[in-house]
Amino acid sequence: MLSDSDPTSVSLNSSPLDCPLPPPPVEVEPPETQKPALPLRPPSSSDEDFFSSASIASSSSSEDTHQNTPAPAQLPPQIPLSWPEGGALSREWVNGLMHCFEWASRAVPPQEFPSVLPVDVFDRLILSGHKILHKERNCVTISKDELNSDSRVVVVGDLHGQLHDVLFLLKDAGYPGDDRFFVFNGDYVDRGAWGLETFLLLLAWKVLLPDRIFLLRGNHESKYCTSVYGFEKEVLVKYGDKGKHVYRKCLGCFEGLPLASVIAGCVYTAHGGLFRSIVTTPVKRSKGKKNRKVTLNPDQTCLTLGSFEELSKARRTVLDPPWEGQNLIPGDVLWSDPSMSPGLSPNKERGIGLLWGPDCTEEFMKKFGLKLIIRSHEGPDAREKRAGMGGMDEGYTIDHVVNSGRLITIFSAPDYPQFQPTDDRYRNKGAYIVLEPPEFDTPVFHSFDAVTPRPAVSFLNDHLCSRKFI
């Protein structure tokens, strides 16, 4: 739980690039009787396994560290999980879900995951979340009126299926509640073995407290990325002949994830960052028609920053945000990166989105009265290839410092990525940000190491160990 005196807090006042350009997209019944609890398997510590580690993790600062090993073994949960009577989730049910997922990651083979979360329970949860997400605006807001002197807003970066680190983060930051808001910047899945559990447990919190937890979309919440970087394979392994059904339902939920958030009127968060203005020109219809058709100007050689009004009108319900055509804003928000060079230009390295310099950060912040931009999208692998940009060893970087405020990148997946042999991982820390009263515009950083040992997992190795991490 955070406190004002937490020694891991650092006040601001005191990362191969992600997936390459995607191609154009083409668009169990629960057991009748409860199964006995499966025997608990001891976690492997072999350095040969992609998901093992010999190091001891901690929540850390320059002044204090403490071991961040898993909690003592608990009694096996009652499985399979069932949907609560009456259909309304409770905090007790969500806590039970987290316990079940953590226990099952160590005790239940992936192929037997339906014995923990039956398909009918998955369907109820995903439908409940789908309805809430699709009703939200492209840019969700936490207004100053909703915040008070006891409020804290926690902003979280990429998670990439690292369930045990997510569970630690939630406990360390303090679980969502009346005075504890969470904004997640996306990338819940891919490159980690527990993307499904990670997304579903956060979705359960969203269903329980829809006005206290906000799930934004990352570039990995797409059909292309999930088919290449592990999530689709993970789901098919865990749910077998029902896997395609589960995967399609998850994609439908991903489409509804909002693109950005504004906190207290002065903090903008998004997965990638800034976005372009889409120039429109009136085009006359054929003679005799009263109405005029508005089409998008295909000439985007003269790039300018977009507005929140344009963001609000973008069509986010697409499986893969396009990199060409008329609906470019979602791709910009999810894929763009900051640069130390001035100006706004196409992101040629990724083949989608933009690069923007400190001058664009200042222009955007000044125009909309912002003091802080918090984005994610770049881990240690991305940053090591970008000259002039800070590394991600501590889980965050301060990229631009301008007259109006600061631009920060936050990355919350420590010891990344899981699908690399131990010696090839970056051993980076993850981090999250806490925004505190009265203005909620000064970030307090909390860095943490990975929870170890991770359970041994090999069911995705063959699919992913040959993938190029760029």
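Observations on the model:
- Figure legend: label point modelled 7 angstrom from the Cα of Glu85 along Cα→Cβ; residues of region 110-128 with amide N under 19 Å from it are 121.
- Of interest is the spacing of the C-alpha centroids, which for region 213-247 and region 314-357 amounts to 22 Å.
- Using the Cβ-Cβ distance between Asn327 and His245 with R0 = 30 Å, the FRET efficiency computed as 1/(1 + (r/R0)^6) comes to roughly 0.60.
- Measuring nothing but how far apart in sequence close Cα pairs (under 8 Å, 6+ apart) lie, relative to its length, region 99-205 scores a relative contact order of 30 percent.
- Based on C-alpha pairs under 8 angstrom that are at least 6 apart in sequence, region 303-405 has a relative contact order of 20 percent.
- When you count the other C-beta atoms within 10 angstrom of each residue and take the mean per peptide, 409-416, 342-349 line up highest first as 409-416, 342-349.
- The packing ranking of peptides 260-266, 328-334, 237-243, highest mean first, is 328-334, 260-266, 237-243, where packing means the average number of other beta carbon atoms within 10 angstrom of each residue.
- Centre-to-centre, using Cα atoms only, region 90-139 and region 398-451 are separated by 26 Å.
- When peptides 189-201, 368-380, 247-259 are sorted by average Cβ neighbour count within 10 Å, with the highest value leading, the order is 189-201, 368-380, 247-259.
- In range of the label at Asn148: residues from region 433-447 whose backbone nitrogen is under 12 Å from the point 7 Å along Cα→Cβ: none
- For region 146-154, backbone phi angles converted through the Karplus equation (6.51, -1.76, 1.60; θ = phi - 60°) give residue-by-residue couplings of 7, 9, 9, 5, 9, 6, 9, 10, 9 Hz, Gly and Pro being listed as x.
- Gain on full stretching of the segment that runs from Thr317 to Cys302 - 0.36 nm per residue minus C-alpha separation: 2.7 nm
- For region 196-208, 3J(HN,Hα) computed residue by residue from phi via the Karplus equation (6.51, -1.76, 1.60; θ = phi - 60°) reads 5, 5, 4, 5, 5, 5, 5, 5, 5, 4, 4, 5, 5 Hz, glycine and proline entered as x.
- Percent carbon-and-sulfur accessible area, region 313-426, ignoring ligands, DNA and RNA, probe 1.4 Å: 46 percent
- The label-point distance for Asn403 and Leu236, in a model that sets each label 7 Å from Cα toward Cβ, rounds to 5.5 nm.
- Listed residue pairs exceeding 24 Å between alpha carbons, taken from Lys131/Lys244; Lys135/Lys366; Lys131/Lys233; Lys135/Lys238; Lys223/Lys348: Lys135/Lys366; Lys131/Lys233; Lys135/Lys238
- Placed amide H near Leu372: partners under 5 Å, 5+ positions off or other chain: Tyr268, Arg406
- Solvent-accessible area per residue, Å², over region 354-398 with all protein chains present [probe radius 1.4 Å]: 38 Å²
The values are calculated or read from the model by the stated rules, or taken from the named source; none is laboratory data. Owing to the predicted nature of the structure, the values given are computational and were not obtained by experimental measurement. Cβ coordinates were reconstructed from backbone atoms using ideal geometry, including for glycine residues, and neighbour counts include every protein chain displayed. Heavy atoms of the whole protein, side chains included, go into the accessibility calculation; ligands, DNA and RNA do not. Shrake-Rupley method; radii C 1.70, N 1.55, O 1.52, S 1.80 Å.
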